[in-house]
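The values are calculated or read from the model by the stated rules, or taken from the named source; none is laboratory data. Just so it is clear, the structure is predicted and the values come from calculations on it, not from any experiment. Cβ atoms come from the backbone with ideal geometry, glycine included; neighbour counts cover every protein chain shown. Just the protein is used for accessible areas: all its heavy atoms, side chains included, with ligands, DNA and RNA removed. Shrake-Rupley method; radii C 1.70, N 1.55, O 1.52, S 1.80 Å.
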Amino acid sequence: MSAELRMAEMLCTRLCHDLTGPIGAVNNGAEFLSEEGFNLQSQAVELIISSAFSAVTRLQFYRNAYGTVKENGEANLADKQKLAQDFFAGSKITLDWPDSHTDSAGVSISLKMSRLICNLLIVTSSTLIRGGSISVRIGQDGAGKKQISFNTTGPGLKWEKEVEQILCGDVSSVEINPRNVQTHFTRKLADELSAIIVTTVQDESLTIQVTQ
């Protein structure tokens, strides 16, 4: 089996696993409503509405993270910001992505780069096993190159050496598996953009900086 096919299989498995919860909750709420004599209709409707919102926002976010994009064209960062905010809504993770670091930042971000941003948000969020915050900042360095920074903080931040190794480009000695497939895919997107990724870890804080 080719590495690309194996990666696709693992990503599909991850996607289905992440959608099982909210879609299953919608189904449970519908079953409650169909039961004769059930007297908690308002709670069941609330469960259906909140779970359906979670499923839809996850699907929209994953479509932007994993779906195909045009070779050319600029991303609407305000739209990507809203997608990310909805994706983390109701979770233990707070997203700090101010409007001043979207389209008003004056930095042109391609559709492919916006897909990399979505995948890096997935990678960083996986380190916050007890919740925390992720800040996103977009700008340029002194040479005019685009820079996107992700600063992640939270108690018990889980950052594995293998993830850092893959993300920073050293993938030759790390076999792909269900645990690291997301990082492998993110690294491939960065390679396609010739983007440089640098990570810094200190106590319960992780910073990932992307330069293109």
Worksheet item: In segment 172-193, is there at least one residue being open to solvent by less than 40 Å² (accessible area, probe 1.4 Å) and farther than 30 Å from LEU5 by Cβ?
Response: no
Worksheet item: Can THR207 be described as over 25 Å from ASP18 (Cβ atoms), touching a strand residue (DSSP E or B) at 6+ places or on another chain (Cβ under 7 Å) and outside any helix (DSSP H, G or I)?
Response: yes
Worksheet item: Do we find a residue being at positive phi, open to solvent by 50 Å² or more (accessible area, probe 1.4 Å) and not hydroxyl-bearing (Ser, Thr, Tyr) anywhere in segment 2-9?
Response: no
Response to the item:
Scanning segment 69-93 residue by residue, those within 27 Å of CYS16 (Cβ to Cβ), loosely packed, with under 13 Cβ neighbours inside 10 Å and over 16 Å from the mean Cα position of the chain (by Cα) turn out to be LYS70
Worksheet, complete the sentence: Of the residues in segment 147-171 that are assigned to a loop (DSSP other than H, G, I, E, B) and modelled with pLDDT of 90 or more, the one that is most open to solvent (accessible area, probe 1.4 Å) is LYS158
Worksheet entry | ALA44 vs. criteria exposed (fewer than 12 other Cβ atoms within 10 Å of the Cβ) and more than 21 Å from the chain's Cα centre (by Cα) | no
Discussion item. Being surrounded by fewer than 20 Cβ atoms within 10 Å (Cβ to Cβ), acidic (Asp, Glu) and at pLDDT 95 or above narrows it down to one residue among ASP103, ASP96; which is it?
Written reply: ASP96
Worksheet entry | Unmet requirement for VAL136, which otherwise passes all of (1) in contact with a His (Cβ under 8 Å, 6 or more places away or on another chain); (2) assigned to a loop (DSSP other than H, G, I, E, B); (3) of a type in the set (A, V, I, L, M) | (2)
Item to complete: Just give me the residues in segment 111-146 being open to solvent by less than 70 Å² (accessible area, probe 1.4 Å) and more than 17 Å from the chain's Cα centre (by Cα), in sequence order.
Response: GLY139, ASP141, GLY144, LYS146
